[in-house]
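The values are calculated or read from the model by the stated rules, or taken from the named source; none is laboratory data. Please read these numbers as outputs of a predicted model, since none were measured by experiment. Here Cβ is always computed from backbone atoms with ideal geometry, including for glycine, and neighbour counts include all displayed protein chains. Heavy atoms of the whole protein, side chains included, go into the accessibility calculation; ligands, DNA and RNA do not. Shrake-Rupley method; radii C 1.70, N 1.55, O 1.52, S 1.80 Å.
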Amino acid sequence: MDAPTTVTVVINGREVHAEPGSMIIEAADAANIYIPRFCYHPKLSIAANCRMCLVEVEKAPKPLPACATPVADGMVVQTRSATAVEAQQGTMEFLLINHPLDCPVCDQGGECPLQDQAMGYGQDSSRYEEEKRAKPPLDLGPLVATAMTRCIHCTRCVRFGREIAGTMELGATGRGEDMTIETYLDGSVDSEVSGNIIDLCPVGALTSKPYRFSARPWELFSHEGISPHDSLGTNITLQTAHQSVKRVVPRNNEKINECWISDRDRFAYEGAECDDRLTQPMIRRKEGLVETSWEEALGETAAAMRQAAEQDSSKLAALIHPMSSMEESFLLQRVVRGLGSDQIDHRLLQQDFSDDAVAPVYPGLEAALSDVDSLKGILLIGCNPRKEAPLLALRIRKMVEQGGVAGLLGSYAPDLNFSLSAFHCVTPAELPGVLRGLVNNAEALDSAGESFESDALSGFLSEVGGNGMILLGQGALNHLHAGTIRTLAGRLAQQTGMKLGVLTPGNSAGAWWAGAVPHRIAQGMPAKTAGANASQIADLDVKTVLLYGVEPSIDHSDPIRLQGMLDRAKTVIAFGAFRSAVPDQADIVVPISPYTECSGSYLNCNGIVQVSSPALSPRGNSRPGWKVLRVLGNFLSLPDFDYDDVAQVATELGHPPEVLMQADKAQIPVSEDVDSASAHADGLFSLVAERSIYQADPIVRRSRALSLTHDGASEAFCRLHPEDLKAAGLAGVSRVLLAGEYHQATLEVAEDSGVVRGSVFVFSGSVATAGFGGDSTVRIRPVT
Amino acid sequence: MEQTGTILTEAIIQKIEAEAGKYPTRRAAVKSALRYAQAEFGWISEGVVKAVAEVLGLERIEVFEVATFYDMFYTRPVGKFPVRVCTNVSCLLRGADGIMEALCQRLGVEEGETTADGRFTVFAAECLGACGGAPMMAVGDDYHEDLKADELDNVLAGYQ
Amino acid sequence: MSSPSEIRVCLPPHDAVTPWTLAFYRERGGYDAWEKVLKNQTPREEIIETLKTSGLRGRGGAGFPTGLKLSFMPRDAQGQKYIVCNSDESEPGTFKDRDILRFNPHQVIEGMALAGYAIGATIGFNYIRGEYYEPWQRFEAALIEARQAGLLGENLMGSEIAFELHSQRGAGAYICGEETALLESLEGKKGQPRFKPPFPAQVGAFGKPTTINNTETLASIPPIIRNGAEWFSSIGVENSGGTKIYSVSGHVNRPGNYEVPMGMPFRDLLEMAGGVQDGRALKAVIPGGSSVPVVPADAIMECTMDYDGLSQVGSALGAGSVIVMDETTCMVEVLERISYFYFAESCGQCTPCREGTGWLYRMIRRIRNGEGTHADLDRLKSVADRIEGRTICALGDAAAWPVQSFLKHFRHEFEAMIPREEAA
């Protein structure tokens, strides 16, 4: 006999249908019958410890917790009967006896479940006459403020760390009344999703440190936004008061971010709110950059662009940051192409573009984010999802928890929050060769029809079978032979039946679809000519160059070459939000507003277009980029540039097709010389570089809170294998000079056995380290 | 930089491994591991937490949670012989107060304190399950029952 | 009237010198039942039926019928199952399992083997409270003897039946006597009780179906299998089969463990323990360990020591831990100490217990210090009522019952400690 698909329970006299095995609280929530609760959270394991959700169940001798009592057919539940209410009031009294009466100075006040439920279930005065408990505050780092006396021990934060984030930083130590939520030895909470514990905490024990004491919830206005810092399209709510963003909180979207956001999504607004903002157009005069009018700034911009294009359309080029909205990308490529130039690109960190001709319409993940949890396996190639797209890492973790497997082919061992069942660590130079070996093995498997397990990763692939995904990250996409890697990964996906995904930065997918690539105009249509790509642009002798949201000393695969190009250019026009991001060579500075002050749409890695609305009006005399570009189009007298609002631009862009990464790629020839990994000459180390999480774009880079985190401070370090340190006579040395052919930098050195022998790992998000873009090897010397 | 390497001796690690082998999860050996380490070092120091976490593949906070939950683990230094005087109801009815008072007087300490020579730390204990021999106390692993205040010296003399 | 005497089933005879040895145990028929089962491959159902008929009920405190409990295990389910012995004896006033482990460890081993066989568990764990060092040593020594004698291990007596048994020591936490807290602790976690359902028979130790029984319960099994269900049930009274070890402590002349038939009048048990100390009058008795309601002298003197008898006087048999208090006892002091115990031992998980046990204790302490008010007495009762039945495990109830019963029977002693101006 089949199990029934629903059961019927009666809650407060109402018949409610529920799934067998679900809990009373879920059935009640679905029927909009409110049951008070603190420890229960639909995304966390059931703890049943707060005892606030006690309800009366017919035939049960005592009140039962609605969060942990499964429904049964015919069950009769009362949530507001005298018995239930007495139980709920009893719990409320216990929760309040040791809770401080500091609501007036508590940031949670006004949005506090304890405060709200105390109104419904508490008494107006306390019967508790004994001494109240007090706990010292915890220092959890720059993001989360604590007031542990307020803690009601629901353990949501502890469960989040263990179950969702996979980082066991918080624990509940001691027992009974001494039970304390804390980190071991007062360590900070360093996970890249730590801010979620602020939302989870039902009292004011854990609150946002940057937001602290800056506003009251009832003063805040909410605006629906999309986080532009990675390609997931995380749904956020920006909350403002007194003309500034006070904080960012998650907006539920089960298909994308569920109820979580990363710390980058949450605290990047501090960058947009910083004092470094450009608020007035500027133009270069004898005395330097001086403020000017919009009219003059755009007039001069148009003139410089036209002059360049009139001489030769290749004398005009533009680089745009991938975090820009689709409308910005679209309109920028329209003005550049309107003057006959196809030299526009957003792929600032990419070095190899050899497969451009066969690239998909836009990059993304063939598996839906919400399906990642249920995949059988994921092979990561040069990818650290935890730092590139933190919420995707949570999905992969869930997959692993549910029995899926993860493998990694990369150039160092990242500290992941899920376990790897296969890991192959090679230098960047060796990576394409190893990948080719996997493809060959898979081919052999195909023809022989039997298991071919010559190495761990091949074994891993045959274990996963078809129901998996190959995921390329920045280590693959920014590789010197990225085209080869993409092609081989595509072949591997075809042979194994796995899905393919690439994890591109920011709104790169949107930029592709909008035509911010040299070889394609919007909607994936071929461009008239294939212009220079982001790397080639740095070698051009252009007359006029537009930098859109780009901080040229960092936001390029080779900032040194790019600087040379800017030096050679006659007119450099910098569109941006930050004063300190403007290069010395800038002749015209165009102040555009960050995403917090703009409307814009974003195309995520699953092909979903989402619109972010402005939370604030533009600061000073800055303007949303799409408006600026629209007016620039008018200055250039380009046809069809009469958009009245941003939605018209989006409509013109149309709806992109589903993500399809695997089209035709098997036919691309792969150059054969890439898998001969030459041994380095003595004393040379391969550089393994990763763009660190809080250096992804000019906005994140300027978030004070994020810069104070462990990840934010990572730029100052390079990492070497302990054996290499010893062999190079560097054991015990704290600072080293890394010297390449084009660039050198002094960095602190840390030993890390996860770094492959013969290589040195650096984060490449600072001026000091980004300069190594032209170097693939360095020498290392101690600094005293 | 953090100190690397374990403070556990090879003999302790072998004992932990033997214990871990009894269970389907290594974690199940955590109380035994802490006990062995405490027997060696006298208390559960940071080094012990780190070493036990490493040998069993746990996070330190998980080990610390366990160490702070159970009474028999000391997360601060204690005397060579912890003296736990049962003060619960059956012993109370048979004069545990007097035993505690006499003991503290003889050792010159208050409850919770360690003697100057580092030999004893006196604790008031919850029921130790020897109510038939009340009043009683445990010195280290040994139970001493049917105590009389004037016989405490004899008992303590056995612990040097 | 003949003077009452013990019938020792779980405890060895008084005169034995080294009763914990395998040789001694075997001489008295020990392991006969296990060997017979191994030889005959006795159907598992038969063992469970025998236990059901015997009337054996759990000796740990809840008194659940043992045969029925074993029958809850999904016997046909594939995969590992476990039998777990709860030797985390920690309820104040209870010290019987200590003596069973010290003096008769093989009977626990045989009982676990038989129960494990009956439920299809090939592995057992005996969780012994951390403070019981000597009992643990005796049990470990017995395990070695049993393994060497081929009574534990693989392919026992060529039967293809396997049973392996390990002990694990606790580390000092009363709550681990609660069966699901014990399982958590066994798995190397904090001993915080699990919410039920799921019950251990579905999801127990290490996520596998598990039955957990008290030491005395398991030690009762071999003689039942050896001598038959009727033999056992005929010893006790209706609804309470067999013998029971009463741990008698407090104001008696001869405190100790007394193993007697279920249903013995309290009066006889008191006499067996030498009567009230120094010839004083009896004031009250806590008959089942510190958590069960206190019973005043008049009522307990007319009571029989079994599940029903004690239930009739508003209390419970619990673990058979009889705490005797004479006329000199200050009931406020005793309740203060008991309340402190539950406050100190609360695991901290559930709000009512974490917050409420400390509140109860502090109020009683204040009353005892002469700083109480009459309002405190009502508040004590009301706080206890708000803890009872509101927590994951029974520790909340255990903290509430003494407060409720002490106030019910001895309110006048509490009132007497309230300052006069307040009383006026």
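Extents of the range B:1-113, taken as max minus min of Cα coordinates on every principal axis and listed largest first, are 47, 34, 25 Å. Taking amide H as placed 1.01 Å from N in the peptide plane, C:Glu164 has its amide H under 5 Å from the amide H of C:Ile123, C:Gly124, C:Gly153, each at least 5 places away in sequence or on another chain.
Computed with a 1.4 angstrom probe on protein heavy atoms, the A-B interface buries about 1200 square angstrom of accessible area in total. Summary of the geometry: the range B:67-91 and the range A:144-174, compared by the centres of their Cα atoms, lie 28 Å apart. Note on C:118-129: average number of Cβ atoms from other chains within 10 Å of each residue's Cβ is 1.
Among the listed pairs A:Lys62/A:Lys135; A:Lys59/A:Lys398; A:Lys62/C:Lys96; A:Lys315/A:Lys387; A:Lys376/C:Lys189; A:Lys43/C:Lys196, a Cα-Cα separation exceeding 26 Å is found for A:Lys62/A:Lys135; A:Lys59/A:Lys398; A:Lys62/C:Lys96; A:Lys315/A:Lys387; A:Lys376/C:Lys189. Using C-alpha pairs below 8 Å separated by at least 6 residues, the relative contact order for the range B:81-157 is 39 percent. Once C binds A, the 1.4 Å probe can no longer reach about 3000 Å² of accessible area, counting both sides.
Estimated from helices alone, the mean residue ellipticity of the protein assembly as shown at 222 nm is -9500 deg cm²/dmol (sum of -39500 (n - 2.57) over DSSP H runs with n ≥ 4, per residue). Give the shape of the protein assembly as shown as rounded, prolate or oblate, defined through the alpha-carbon gyration tensor: a ≥ b ≥ c are the square roots of its eigenvalues, a/c under 1.5 means rounded, and otherwise the shape is prolate if a/b is larger than b/c and oblate if not. In terms of gyration-tensor shape, prolate. Potential lengthening of the chain between A:Ala357 and A:Ser753 amounts to 138.6 nm, from the contour at 0.36 nm per residue minus the alpha-carbon distance.
How far is the Cα center of the range C:76-108 from the Cα center of the range C:129-149, in Å? Using only Cα atoms, the two centres lie 12 Å from each other. Residues of chain A were split at every exposed loop site, defined as trypsin sites (Lys or Arg not before Pro) in a DSSP loop with at most 16 other C-beta atoms within 10 angstrom, and the longest piece left, sites excluded, is A:287-527.
Shown here for the range A:259-298: GluC sites (Glu not before Pro) in loop regions (DSSP other than H, G, I, E, B) with at most 13 other Cβ atoms within 10 Å, namely A:Glu287.
Straight Cα distances below 13 angstrom link A:Lys286 to the aspartates and glutamates A:Asp587, with same-chain residues fewer than 8 positions distant left out. With 40 Å² as the minimum drop in accessible area between chain alone and full protein complex (1.4 Å probe), the qualifying residues in the range B:111-157 are B:Glu126, B:Cys127, B:Gly129, B:Cys131, B:Gly132, B:Asp141, B:Tyr143.
The H on the amide N of C:Thr304, modeled in the peptide plane, is under 5 Å from the matching H of C:Phe266, each at least 5 residues off or on a different chain.
Taking 0.36 nm per residue of separation and subtracting the Cα-Cα distance, full extension of the segment from A:Asn634 to A:Asn252 would add 133.6 nm. Quick check: from the Cα gyration tensor, does the range A:369-502 come out rounded (a/c under 1.5), prolate or oblate? The shape class here is oblate. Classified by the C-alpha gyration tensor, the range A:312-413 has a prolate form. Its axis ratio a/c, with a ≥ b ≥ c, is 1.5 or above, and a/b is larger than b/c. Counting, for every residue in A:91-98, the Cβ atoms of other protein chains within 10 Å of its Cβ and taking the mean gives 5. On the basis of the beta-carbon distance and an R0 of 56 Å, C:Gln41 and B:Ala39 show a calculated FRET efficiency of 0.80.
Reported to the nearest whole Å, the Cα centre-to-centre distance from the range C:238-290 to the range C:296-372 is 18. Here r is the Cβ-Cβ distance between C:Glu271 and A:Lys132 and R0 is 56 Å; the resulting FRET efficiency, rounded to 0.05, is 0.65.
A straight Cα-to-Cα reach below 20 Å connects C:Lys36 with the aspartates and glutamates C:Glu27, C:Glu45, C:Glu46, C:Glu49, C:Glu110, C:Glu145, C:Glu154, C:Glu160, C:Glu164, C:Glu230, residues fewer than 8 places away in its own chain not being considered. Look at the dipole of the protein assembly as shown built from charges on Cβ: of B:Leu92, A:Gly195, C:Ser5, the Cα furthest out on the positive end belongs to A:Gly195. Within the accessible surface of the protein assembly as shown, defined with a 1.4 Å probe on protein heavy atoms only, the carbon and sulfur portion equals 50 percent.
Consider a paramagnetic label point 7 Å from the Cα of C:Asp278 along Cα→Cβ; state which residues of the range B:75-108 have an amide N under 12 Å from it. Correct set: B:94-95. For chain A, the antiparallel share of DSSP beta bridges with both residues in that region comes to about 55%.
Between A:Glu310 and A:Thr529, the simple spin-label model (points 7 angstrom out along Cα→Cβ) gives 1.8 nm. Within the range A:680-782, antiparallel bridges make up roughly 60 percent of the DSSP beta bridges whose residues both belong there.
For the range A:724-729, 3J(HN,Hα) computed residue by residue from phi via the Karplus equation (6.51, -1.76, 1.60; θ = phi - 60°) reads 5, 4, 5, 4, 8, x Hz, glycine and proline entered as x. Taking all protein chains into account, the per residue accessible area for the protein assembly as shown stands at 36 Å² (1.4 Å probe).
Near A:Ile378, the amide H atoms lying under 5 Å from its own belong to A:Val405, A:Ala406, A:Gly407, A:Met469; only residues 5 or more places off or on other chains count, and H is placed 1.01 Å from N. The accessible area of C:Lys36, taken with all protein chains in place and a 1.4 Å probe, comes to roughly 130 Å².
With a Förster radius of 22 Å applied to the C-beta separation of A:Ala456 and B:Glu17, the computed FRET efficiency comes to 0.25.
Summed over both chains, the area buried between B and C is near 3700 Å², taken from the accessible surface of protein heavy atoms with a 1.4 Å probe.
Taking label positions 7 Å along the Cα-Cβ direction at both A:Glu443 and A:Lys286, the computed distance is 6.9 nm, reported to one decimal. The HN-Hα couplings worked out from phi for the range A:352-366 by the Karplus form 6.51 cos²θ - 1.76 cosθ + 1.60 (θ = phi - 60°) are 10, 10, 5, 9, 3, 4, 9, 5, x, 4, 7, x, x, 10, 5 Hz, whole numbers, x standing for Gly and Pro.
The label point for A:Ala303 and the one for A:Thr8, both projected 7 Å from the Cα toward the Cβ, are 8.1 nm apart. Looking at the protein assembly as shown, the DSSP beta bridges with both ends there are about 55 percent antiparallel.
Each residue was assigned an accessible area with a 1.4 Å probe, and for A:Cys157 the value is about 20 Å². Quick one: helix A:390-401 against the long Cα principal axis of chain A, what's the angle to the nearest 10°, folded into 0 to 90? For helix A:390-401, the angle is close to 60 degrees.
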